[in-house]
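Colleague: I'd like to ask some things about the structure below.
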Number of protein chains: 2
Amino acid sequence: MPPPNPDWVKALKPSGPQGSELLQRERDQSALNVDQLATFLFTSEVLERRAKILEILQAHPVFDKSQNYFRGRRERLEAALARAKALRQLSVKHQWSQEEYEVANDLISEPTPYGLHATMFLKTLEEQGTPAQHKLFLEPARRYEYIGCYAQTELGHGSNVRGLETTATWDPTDKTFILHSPHLTASKWWIGSLGKAANHAIVVAQLILDGKSYGPHPFVVQIRDLKTHEPLPDIHVGDIGPKFGYNTMDNGFLLFNHVKIPHINMLGRFSGVDPATGKYIRPVNPVLVYGTLTYIRSMIVFQSGSTLARGVTIATRYCAVRRQFQDRDTPEGSFGENQVLDYTMVQYRILPLLAASYALHFTGRNMLNLYNANQKRMAQGQSARGGGEAKRSPGPEQINPGSDLLADLHAISCALKAFSSTTAAEGLEVCRRACGGHGYSAFSGIGSWYADYLPTVTWEGDNYMLTQQVARYLLKSARAVLTGKTAGTNGITLVFQHFIKRRDIGAAFDVLDNDQDLVDAFAWRVAFLTFEALKHRDEDKQSWNSLLIDLWRLSTAYAQYLAVKNFYEALQAESTTASLDPTTLSLLHKLFQLFAFHHLTSHASEFFTSAATTVRQIQLARTKRINSLLQDIRPHAVRLVDAWKFPDWQLDSALGRYDGKVYEDMFHRASEVNPLNDETIDPYPDSSVLFRTEKGTKAIKSLL
Amino acid sequence: MPPPNPDWVKALKPSGPQGSELLQRERDQSALNVDQLATFLFTSEVLERRAKILEILQAHPVFDKSQNYFRGRRERLEAALARAKALRQLSVKHQWSQEEYEVANDLISEPTPYGLHATMFLKTLEEQGTPAQHKLFLEPARRYEYIGCYAQTELGHGSNVRGLETTATWDPTDKTFILHSPHLTASKWWIGSLGKAANHAIVVAQLILDGKSYGPHPFVVQIRDLKTHEPLPDIHVGDIGPKFGYNTMDNGFLLFNHVKIPHINMLGRFSGVDPATGKYIRPVNPVLVYGTLTYIRSMIVFQSGSTLARGVTIATRYCAVRRQFQDRDTPEGSFGENQVLDYTMVQYRILPLLAASYALHFTGRNMLNLYNANQKRMAQGQSARGGGEAKRSPGPEQINPGSDLLADLHAISCALKAFSSTTAAEGLEVCRRACGGHGYSAFSGIGSWYADYLPTVTWEGDNYMLTQQVARYLLKSARAVLTGKTAGTNGITLVFQHFIKRRDIGAAFDVLDNDQDLVDAFAWRVAFLTFEALKHRDEDKQSWNSLLIDLWRLSTAYAQYLAVKNFYEALQAESTTASLDPTTLSLLHKLFQLFAFHHLTSHASEFFTSAATTVRQIQLARTKRINSLLQDIRPHAVRLVDAWKFPDWQLDSALGRYDGKVYEDMFHRASEVNPLNDETIDPYPDSSVLFRTEKGTKAIKSLL
């Protein structure tokens, strides 16, 4: 630990109006009811639960965050492991539900080496295991005797699951599968919880029967000894090394050298191998995997709003505390500097992201509702068929897989996953930069949060790859409309039908003064881009590859339409208008408009080449509407971020403190916590000594 | 160190065509003469110098990079200090020039604790010190007996130098200055080389004479003991803690409690205090500071091309090695996956950045030429006046400060600094993501490079702040054109005059088929935006603050015009056409067009609301021209990045290896170098043990 500050330093205060005064003034100047809005956003039940769990975590020394930013990889991983263990113990002690456990993880705000065990390993065993396998694997896994991971991605193979190289070859002589990695590129890679923690893995491998490949299937494989935790023979496993973020997780690699596992270790709920004949047992239907992936994507959409809101909270509060320069129009000699948040250029960077955090919140809520509605519908279908007791009976996802809802759900979750995670990731970086130089300090709390979040744009479907699936769905829907082969009940079909009817008349949306028209303009643009792409593909016979850029634009336009629509509809809902006072409601409307106009002007050329708007409308949106929205929202910015109710402990940010004591906190962390200030270096080039501490010296040769 | 790979792992190779074969095929399919192009870009002298220094560095064990990505903050700083010392020793031994020393730093590619000593400290002493001060401070500093830094920024004050709080108060009784930090926000902050290394600082403080402030001035202050290196009394100094990047640098804080320094310690070349009377000696003219800042900004512009090119090199090579999926149009059953670089969506992300790296290279070269021309002109002005021998005689920057060239230089360097550093920083992140999942690994070599580069968008003038200065210059130039009060010789004045003449006739540029017209369309857009902003400011009397967003757009448009123009002119120059064969020249023309069309379509609405282009031209640029340019450039992509001639040692990237052995390198670093694989953890929640190594166990309580 560094020496304490001398007394004369302890006596110093920041100059000018104090951060606490400035934030108080911000809160005083707005009449927005923060508690009412927070309760509407999250429900009081959720807020109370969060507060209760926060108290438990703060009381436990292993969750102390003060050293987090100073630790290297090994120390961070050690601390994360200790926290994972404590969290499991607390979970047992307080009998936490899965939701409560996730709230705790959310408050800790860093991944732990149990991350993939507690999610993908347990979930996959539950969903894809037979009752016998539940007894054999799931039960000890739930007791944390088996600690597992989900090993799919390989060193040479990411998104393309069919290209996986790891093989599981059926050996009829002893009724086993032989797991093998035929090439270096077959090494499992990026697998969370595998590098150090797991003693079991669900390995996705190509099933080989009698020399023929039947595609990738899941197998349970023990990889480490249950006592010594050393790798088992013919298994090479370890941590893949440091990453841009996510360094509290032990992402791992895994190679097999002809490793035998029993027949029962192939997860058998949906497909399998008949041990008597060695014949393949086909799955009842092939869209099984949709369920889990759609759920994960839906959760990413749901979390994107609060992910972004953390950065917006920090940047908004700090920009209200930070003062820099005077306005050029300020008369010479007037006193004091401006709050940075008063500069329109800063507002233009932060406030659309504040709006986006709300837009993504409502969009995410709707996404989950859609997912749950589908689950419910499928469950009803299942119960109508008499339930699913028997082994390999159809799971919930198997009913009505061809229905519109399932296809909609898939496309919507793909489009919104790509859009929402890109918006959150890039928005966080904008927030970090809006904090100026101090945004670059670890103590801002944005950089590490951003770095940990970044893989989200790549995993669970790379954001660019996903747009192809969305475009395929839109093209297919458009074709159905053109040929009249559609039930005409789903959202995008109606949009397309409407577009076709009015295409020659023109749109004439009053985007500047009518919110419904603003939403309709976004719909129009999607329809226009879809039929353009359809013409290129079906009439001009252009190659799919040559259309990828257009299809990416199309998918993005679709996601923006969905987000604008969801935001608008959330504000129209009776549950909303009944819960919020008119001030709050009107402010949320302004956020909706800012969000919509921001995207409308950012993609201006798509809007007027599609004739969704005129050039003049875009100009007015840019020069008049956005400016006046920024002005209207500005006084409420601090209260609007307060409504997200992030505890300081969760944000762990010197800049984003609720009380505005920014400079005191920056200085305290640097001077009194920073362990680098416990030592003195030898700075002279001809000395081979590097550091001196109380314990002795360290010389250059120790590095070599 | 982790245990070695077992034999069966050692025998594994990547599947399919090997990376080395794929890159060889790439190089075989293009006739681009890499050596010719590289020599043209850098000169053979520079390339040979680089090779010679590389050899020296690689032979020295302290520069071994293999542990870089695994080290925590303390270990990284230690290694950087050891390297700084060795570099200084090599510099003396080989009698390196400043340029050669910088080449070495560039190859090492990480900042060291000597960074600010070797640049800003020495340079400021040289430029702002008197001969007596050179003897007193500069000479021991050159011998590394004094190690220094440049302490300007404060905890509460970044860009606004006038707002600095640290005071230097003249005490006439003993002819000293008293350095003092009246508030916590007065603490110097972010100061490179201050946290651990410096024993001296140039402190920028408000000069107070007889109770009156005379603004910020530079003072030399000893801050640590020359023997023990402990802080001197009444000085509180230390490292500010970890950052998003730049963690091999000891950015520091510094507070003074009434610290006395002698009169001679105020740097006195341009202004000072008369020790006899205590009266202020005014600088001959107030634009002195322009020179250094313009130089630093010019260097940022110059380096931006190669900064970005590192990321582009890594991404291009890896995307040629990485194969993923088949094209959707590929017939079922055909063999193998596509190179990722063949997907248009990947080309659309990487190739415009490849073009940008070249555009920035030529723009940076031109920026330096402009700077040097100005230096030369000012030096001539100086010698015409009889030289500058006497104390406080005008320095080189003082001659003709009001000339057009100086104002041009200032505005151009501000505009291009903002544009080029934003382009490089954001481009690096695009390159990282284009590498898919592996881009997130530290071994990609992009993440740390990006993180270290990021402060460039904030320091030496925040990129948003700078746009105000550019806009002010453009508005002033436009006013001069309108009132006829201009010499009419500088570039932007001619653009404005031309615009005014043709404004009512219209532009009618043939942007699709005429490169000069393409450049002119960018000029037209700048003129349009300038006169729009001028109208808002001068006629509509809008506040400066309400115009900031427009002014930022204007400055960006101006920078893009300059970059497009510089690229185009570089290709027209006789030195270019004489040095390059027609194949290379034609390829560079395509890169120019791609760069221009990329920005034209990205800012489409500005181009056609200004009538610089028609909507149809934009559509054609987007759908036809860009696609065909991507197709034309694609086969030469690997050779075009090869021409940057980055040694593998410099890139330190598993993905960007010249030989394409991507997967072997990834695996080697993870499995055989990664120190985390030397230990076994205890994964069970009820065990209080965390790790076991050969040396023993580590328990949770050690963290608490």
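Colleague: Go through region B:660-683 and give me each residue that's under 33 Å from the mean Cα position of the chain (by Cα), more than 7 Å from every other protein chain (Cβ to nearest Cβ) and either open to solvent by less than 50 Å² (accessible area, probe 1.4 Å) or hydrophobic (A, V, I, L, M, F, W, C) (or both).
Modeller: Result: B:Gly660, B:Val662, B:Asp665, B:Val673, B:Pro675.
Colleague: In addition: Considering B:Ala276, B:Ala315, B:Ala309, which residue is more than 12 Å from chain A (Cβ to nearest Cβ), among the hydrophobic types (A, V, I, L, M, F, W, C) and part of a loop (DSSP other than H, G, I, E, B)?
Modeller: Details: B:Ala315 fails: part of a loop (DSSP other than H, G, I, E, B); B:Ala309 fails: part of a loop (DSSP other than H, G, I, E, B).
On inspection, the qualifying residue turns out to be B:Ala276.
Colleague: Could I ask something else about it? Please find, within region A:70-83, the residue that is farthest from the other protein chains (Cβ to nearest Cβ) out of those that are open to solvent by less than 40 Å² (accessible area, probe 1.4 Å) and free of Cβ contacts under 8 Å to residues at least 40 places away in the same chain.
Modeller: Within region A:70-83, the subset open to solvent by less than 40 Å² (accessible area, probe 1.4 Å) is A:70, A:72-73, A:77-83.
Add one more test, that the residue is free of Cβ contacts under 8 Å to residues at least 40 places away in the same chain, and what stays is A:72, A:78, A:82-83.
Working: A:Gly72: 2, A:Glu78: 5, A:Ala82: 4, A:Arg83: 9 Å.
This residue is A:Arg83.
Colleague: While we're on this one: Anything in region A:121-130 that is closer than 22 Å to A:Thr458 by Cβ, open to solvent by less than 40 Å² (accessible area, probe 1.4 Å) and more than 13 Å from chain B (Cβ to nearest Cβ)? List them, or say none.
Modeller: First, the residues of region A:121-130 that are closer than 22 Å to A:Thr458 by Cβ: A:121, A:123-124.
Then keep just the ones that are open to solvent by less than 40 Å² (accessible area, probe 1.4 Å); that gives A:121, A:124.
Listed by number, the list holds a single entry, A:Thr124.
Colleague: What number of residues within region B:213-236 satisfy the criterion of being away from chain A (no Cβ under 12 Å) and on the phi > 0 side of the Ramachandran plot?
Modeller: Residues flagged as away from chain A (no Cβ under 12 Å) and on the phi > 0 side of the Ramachandran plot within region B:213-236 amount to 1.
Colleague: Here's another thing I want to ask about it. In region A:541-578, which residues are among the aliphatic types (A, V, I, L, M) and assigned to a loop (DSSP other than H, G, I, E, B)? Quick ask: steps written out before the conclusion?
Modeller: The initial filter retains those residues of region A:541-578 that are among the aliphatic types (A, V, I, L, M), namely A:547-549, A:551, A:554, A:557, A:559, A:562-564, A:570-571, A:573, A:578.
Across region A:541-578, the qualifying residue is only A:Ala573.
Colleague: Scan region A:52-69 for residues that are over 18 Å from A:Val103 (Cα atoms) and open to solvent by less than 30 Å² (accessible area, probe 1.4 Å) and report the count. Lay out the reasoning, then the answer.
Modeller: Filtering region A:52-69 down to residues over 18 Å from A:Val103 (Cα atoms) leaves A:61, A:66-69.
Adding the requirement that they be open to solvent by less than 30 Å² (accessible area, probe 1.4 Å) leaves A:68.
Residues in region A:52-69 being over 18 Å from A:Val103 (Cα atoms) and open to solvent by less than 30 Å² (accessible area, probe 1.4 Å): 1 in total.
Colleague: Keeping to region B:131-160, report how many residues are surrounded by fewer than 18 Cβ atoms within 10 Å (Cβ to Cβ) and more than 14 Å from chain A (Cβ to nearest Cβ).
Modeller: So the answer is 5.
Colleague: Which one is surrounded by the most Cβ atoms within 10 Å (Cβ to Cβ), of the residues in region A:526-538 that are closer than 19 Å to B:Leu620 by Cα and either of a type in the set (Asp, Glu) or in contact (Cβ under 8 Å) with a residue 60 or more places away in the chain (or both)?
Modeller: At the first step, the residues of region A:526-538 found to be closer than 19 Å to B:Leu620 by Cα are A:528-537.
Now drop any that are not either of a type in the set (Asp, Glu) or in contact (Cβ under 8 Å) with a residue 60 or more places away in the chain (or both), which leaves A:528-529, A:532-533, A:537.
Details: A:Phe528: 21, A:Leu529: 23, A:Glu532: 17, A:Ala533: 20, A:Arg537: 19.
The extreme case among them is A:Leu529.
Colleague: Is at least one residue of region B:596-612 in contact with a Lys or Arg (Cβ under 6 Å, 6 or more places away or on another chain) and away from every other protein chain (no Cβ under 14 Å)?
Modeller: For region B:596-612, residues in contact with a Lys or Arg (Cβ under 6 Å, 6 or more places away or on another chain) and away from every other protein chain (no Cβ under 14 Å): absent.
Colleague: Of all residues in region A:161-178, which are within 14 Å of chain B (Cβ to nearest Cβ) and in contact with a helix residue (DSSP H, G or I) (Cβ under 9 Å, 6 or more places away or on another chain)?
Modeller: Across region A:161-178, the qualifying residues are A:Leu164, A:Glu165, A:Thr166, A:Thr167.
Colleague: Collect the residues in region B:446-482 that are outside any helix (DSSP H, G or I), open to solvent by less than 30 Å² (accessible area, probe 1.4 Å) and more than 11 Å from chain A (Cβ to nearest Cβ), keeping them in residue-number order.
Modeller: B:Gly461
Colleague: Condition first: under 29 Å from the mean Cα position of the chain (by Cα) and among the small types (Gly, Ala, Ser). Can you find one or more residues in region A:451-468 that meet it?
Modeller: In the first step, residues of region A:451-468 are kept if they are under 29 Å from the mean Cα position of the chain (by Cα); the result is A:451-468.
Next, only the ones that are among the small types (Gly, Ala, Ser) stay: A:451, A:461.
Yes, region A:451-468 contains a residue that is under 29 Å from the mean Cα position of the chain (by Cα) and among the small types (Gly, Ala, Ser).
Colleague: Being crowded, with 20+ Cβ neighbours inside 10 Å, modelled with pLDDT of 95 or more and more than 24 Å from A:Thr173 (Cα to Cα): is that true of A:Phe253 here? So that I can check it myself, show each step before the final result.
Modeller: Numbers: crowded, with 20+ Cβ neighbours inside 10 Å: yes; modelled with pLDDT of 95 or more: yes; more than 24 Å from A:Thr173 (Cα to Cα): yes.
Here the answer is yes, as A:Phe253 does meet what is asked.
Colleague: Let me ask something else. Does region A:241-250 contain any residue that is crowded, with 23+ Cβ neighbours inside 10 Å, of a type in the set (A, V, I, L, M, F, W, C) and farther than 25 Å from A:Arg162 by Cα?
Modeller: Among the residues of region A:241-250, at least one is crowded, with 23+ Cβ neighbours inside 10 Å, of a type in the set (A, V, I, L, M, F, W, C) and farther than 25 Å from A:Arg162 by Cα, which makes the answer yes.
Colleague: State which residue is nearest to A:Leu22 (Cα to Cα) when the search covers only region A:689-703 and only residues that are more than 10 Å from chain B (Cβ to nearest Cβ) and either open to solvent by less than 20 Å² (accessible area, probe 1.4 Å) or not β-branched (Val, Ile, Thr) (or both).
Modeller: Among residues in region A:689-703 that are more than 10 Å from chain B (Cβ to nearest Cβ) and either open to solvent by less than 20 Å² (accessible area, probe 1.4 Å) or not β-branched (Val, Ile, Thr) (or both), the one nearest to A:Leu22 (Cα to Cα) is A:Glu694.
Colleague: Just to be sure before I move on: is A:Asp632 under 30 Å from A:Ala523 (Cβ atoms), more than 10 Å from chain B (Cβ to nearest Cβ), open to solvent by 30 Å² or more (accessible area, probe 1.4 Å) and not basic (Lys, Arg) in the structure I sent? Steps first, answer last, please.
Modeller: Values: under 30 Å from A:Ala523 (Cβ atoms): yes; more than 10 Å from chain B (Cβ to nearest Cβ): yes; open to solvent by 30 Å² or more (accessible area, probe 1.4 Å): yes; not basic (Lys, Arg): yes.
Against the criterion (under 30 Å from A:Ala523 (Cβ atoms), more than 10 Å from chain B (Cβ to nearest Cβ), open to solvent by 30 Å² or more (accessible area, probe 1.4 Å) and not basic (Lys, Arg)), A:Asp632 qualifies.
Colleague: Testing B:Ala507 on (1) in contact (Cβ under 8 Å) with a residue 40 or more places away in the chain; (2) assigned to a helix (DSSP H, G or I); (3) closer than 29 Å to B:Leu585 by Cβ; (4) touching a Phe, Trp or Tyr at 6+ places or on another chain (Cβ under 7 Å), one condition comes back false. Which one is that?
Modeller: (2)
Colleague: Looking at A:Phe522, A:Phe499, can you tell me which residue is within 16 Å of A:Thr614 (Cα to Cα), open to solvent by less than 30 Å² (accessible area, probe 1.4 Å) and either out of contact with any Pro (no Cβ under 9 Å at 6 or more places or on another chain) or not in a helix (DSSP H, G or I) (or both)?
Modeller: Working: A:Phe499 fails: within 16 Å of A:Thr614 (Cα to Cα).
When all the criteria are applied, what remains is A:Phe522.
Colleague: May I pose another question? On the given criteria, is B:Asp686 more than 7 Å from chain A (Cβ to nearest Cβ) and either part of a loop (DSSP other than H, G, I, E, B) or closer than 16 Å to A:Gly195 by Cβ (or both)? Break it down into steps so the answer makes sense when it comes.
Modeller: Values: more than 7 Å from chain A (Cβ to nearest Cβ): yes; either part of a loop (DSSP other than H, G, I, E, B) or closer than 16 Å to A:Gly195 by Cβ (or both): yes.
Considered against the rule, which asks whether it is more than 7 Å from chain A (Cβ to nearest Cβ) and either part of a loop (DSSP other than H, G, I, E, B) or closer than 16 Å to A:Gly195 by Cβ (or both), B:Asp686 comes out as yes.
Colleague: What single numbered condition from (1) within 13 Å of chain B (Cβ to nearest Cβ); (2) more than 28 Å from A:Asp510 (Cα to Cα) fails to hold for A:Val641?
Modeller: Unmet condition: (1).
Colleague: Given the condition within 34 Å of the chain's Cα centre (by Cα) and crowded, with 21+ Cβ neighbours inside 10 Å, answer yes or no: does some residue in region B:484-491 qualify?
Modeller: No, region B:484-491 has no match at all.
Colleague: Continuing with this model, one more query. Somewhere in region A:553-567, is a residue within 12 Å of another protein chain (Cβ to nearest Cβ) and open to solvent by less than 10 Å² (accessible area, probe 1.4 Å)?
Modeller: yes
The values are calculated or read from the model by the stated rules, or taken from the named source; none is laboratory data. On a predicted model such as this, the values are computed, not experimentally measured, just so you know. Counting neighbours? That spans all protein chains shown, and the Cβs are built from the backbone with ideal geometry, glycine included. Ligands, DNA and RNA are excluded from the accessible area calculation, which covers all protein heavy atoms including side chains. Shrake-Rupley method; radii C 1.70, N 1.55, O 1.52, S 1.80 Å.
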